[in-house]
Amino acid sequence: MSVSNLFRTAAALPDAWSSRSLAEVGTATVKVLRMNPLPLAEEAHRTPEVLLVLDGTLELTVDDVEVTVGPGEMYGVPAGARHAVRPGSHGTLVIVEVPEE
């Protein structure tokens, strides 16, 4: 594996909220993406995921609770938790997820 510049990789993505897989660790996939202020619809997964904000802010609603994740902070979304992105998110986000089978 080589060194990846996460900010440059996220900036080069064609659209906000479209992710790029960077690596696999065991069964988990590490992705990077660029956020924008538009909300995203609610979703839930059978497996947990970790959301790590490199810069900016991630505004979430998780099981009807508002959560703000700031730069350098990480949030673990439990398996089965309903979560949506609220308006106002921006910056660079790393997601670690185990693909659902």
Please say if region 10-65 is rounded, prolate or oblate, where rounded means a/c under 1.5 for a ≥ b ≥ c the square roots of the C-alpha gyration tensor eigenvalues, and otherwise the choice is prolate for a/b larger than b/c and oblate otherwise?
oblate
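Stick to Cα atoms and the Kirkwood definition of Rh, then tell me Rg/Rh for the chain.
Numbers: Rg = 13.0 Å, Rh = 13.7 Å.
Radius of gyration relative to Kirkwood radius: 0.94.
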Long-range Cα-Cα pairs in region 55-101 (distance over 13 Å), rounded percent
58 percent
Karplus (6.51, -1.76, 1.60) ³J(HN,Hα), θ = phi - 60°, over region 67-78, in Hz, Gly and Pro reported as x
10, 10, 10, x, x, x, 9, 10, 10, x, 8, x
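Given charges of +1 on the Cβ of Lys and Arg and -1 on the Cβ of Asp and Glu, with all other atoms neutral, how large is the dipole of the chain about its Cα centre, in debye to the nearest 20?
380 debye
Given the Cα-Cα distance of Asp55 and Val98 and 0.36 nm per residue of separation, how much length would full extension add, in nm? Working shown, then result.
On the way: separation 43, 0.36 × 43 = 15.48 nm, distance 2.33 nm.
Full extension of this stretch gives 13.2 nm more.
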Where is the GNM fluctuation largest for the chain (alpha-carbon springs, 10 angstrom cutoff): Val85, Val25, Val67?
Val25
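Coordinate-derived values only; no laboratory data. What you see is a predicted model; the values in this text were computed from it and never measured. A quick note on method: Cβ atoms are made from the backbone with ideal geometry, for glycine too, and the neighbour counts reach across all protein chains shown.
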